[in-house]
C-alpha cells in the first residue's frame, strides 16, 4: 500500500507531467528538424504567377505539377520586385467598379464575398487548411483592392502552410493575413498526422483516414478560436482532409447565430453517411456545388429532394472523389437575389487548376 503523503504524491505527479511535456516538446522539435531536412533535400521552390499576385510553391509536388500551367511557372523574382517598385501591387480582377458586370464563373466567389462584405459587419475570411496560401492571398488582395479592413485568418501546420507568411509578405499582405501554424479539428490537443513526400496538399489527421502516422501537430477547436477572438461574421473555407463535417458541427452554433457562410469539401464516397447532416444544413443555408473552389466552374443549387440523384450524376465527373460546396446563410440580406445571380453564371466542365 502506498503510504506517501498527498503533498509528496502530488509533487511526484507534477514532476512526471513536466518530464512528459519536455519529452513531447523534444519530439516535436526533432520532427520539425527532420521535416525541414526532407524539404531541403527533396523539393525546390518556384515563384508562380497567379495574375494579380505571385506565390512561392514547392516544386516536385502534387498540385504544382498537376494544377499549375507551365506558363505560370518560373516567374522572375527580380521582375516581381521591380513591378512593385514601379507600379505597386496588382489589383484584383474584380472590384466595386466592375462587380455588377462580372460574368466569368471563376470569379463568382468575388461576387459572393462582396455581397457579404456589403451586408455584414467587418466580415472575416477564415481559411482552414490554407496550403501555401493560394486562396488566402487571392482574397486578401481582394480585401485590399476594395479597401475592406477584415482579416484573412489562416490555419495550416504543415510544411506547405509554412509558406503562408512568406507569401503574405511577398504580396504586401502581412497586415491582412494572420497565420496560425496549428491544425483545426473538433478537439483541442495534439493529433497524429500522415504526410507523404510530394503531396504537401494532402496531409491529414489519422482520426478520419486510417494510415500510419508520421508526425504530430497541435490542434484547436475553431469554435474556441472564434469565441476567444470575438469574431462576428465570417466566410469560412474548410479543407481539412476529412474533418470538414466535424468542424462544421463544432461551429454550427456560431453559423446559426451570425448567419455566416462557408465552403467545404464533399467526399462523394461518404454521401450516405453525410446525407442527413447535409439535409439538416439546408434548413439554414443554400447549398451550391462549385466543382473546385480555387476555380469555380458553376454554381449549382443542390436541394434536399434531389440530393441523391445529384450526387449520383456527378460521381463520374469528379475524378478525385470530391466536389466543393459553398453554403450561403439564408439569413444573408437579399440572399435570393445573390443566389439567383450565382446560379445563372455560365456553367462549364469542372477544371482543377490553380494558375
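The values are calculated or read from the model by the stated rules, or taken from the named source; none is laboratory data. Being a predicted model, the structure only gives us computed values, none of them experimental. Glycine also receives a Cβ, built like all others from the backbone with ideal geometry; neighbour counts cover every protein chain displayed.
See the values below:
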item	result
Total residues in the range 243-267, condition surrounded by fewer than 16 Cβ atoms within 10 Å (Cβ to Cβ) and either in contact (Cβ under 8 Å) with a residue 12 or more places away in the chain or in contact with a helix residue (DSSP H, G or I) (Cβ under 6 Å, 6 or more places away or on another chain) (or both)	3
Residue count for the range 220-238, restricted to those that are surrounded by fewer than 22 Cβ atoms within 10 Å (Cβ to Cβ) and not in a helix (DSSP H, G or I)	6
Odd one out for residue 159 among (1) over 25 Å from residue 251 (Cα atoms); (2) more than 17 Å from the chain's Cα centre (by Cα)	(2)
Residue selected from the range 97-123 under the condition farther than 23 Å from residue 300 by Cα and exposed (fewer than 14 other Cβ atoms within 10 Å of the Cβ), by the criterion modelled with the lowest pLDDT	121
Members of the range 130-154 found to be surrounded by 20 or more Cβ atoms within 10 Å (Cβ to Cβ) and assigned to a helix (DSSP H, G or I), listed by number	134, 135, 136, 137, 138, 139, 140, 141, 142, 143
Residue check for residue 217: assigned to a strand (DSSP E or B), modelled with pLDDT under 95 and surrounded by 21 or more Cβ atoms within 10 Å (Cβ to Cβ)	yes
Single unsatisfied condition, residue 139 versus (1) in the same structural domain as residue 217 (by TED's automatic domain parsing); (2) in contact (Cβ under 8 Å) with a residue 24 or more places away in the chain; (3) over 17 Å from the mean Cα position of the chain (by Cα)	(3)
Hits in the range 105-129 - residues which are without any contact (Cβ under 8 Å) to a residue 60 or more places away in the chain and either within 17 Å of the chain's Cα centre (by Cα) or in a loop (DSSP other than H, G, I, E, B) (or both)	110
Selection from the range 290-314 of residues that are part of a strand (DSSP E or B) and within 19 Å of residue 129 (Cβ to Cβ)	290, 291
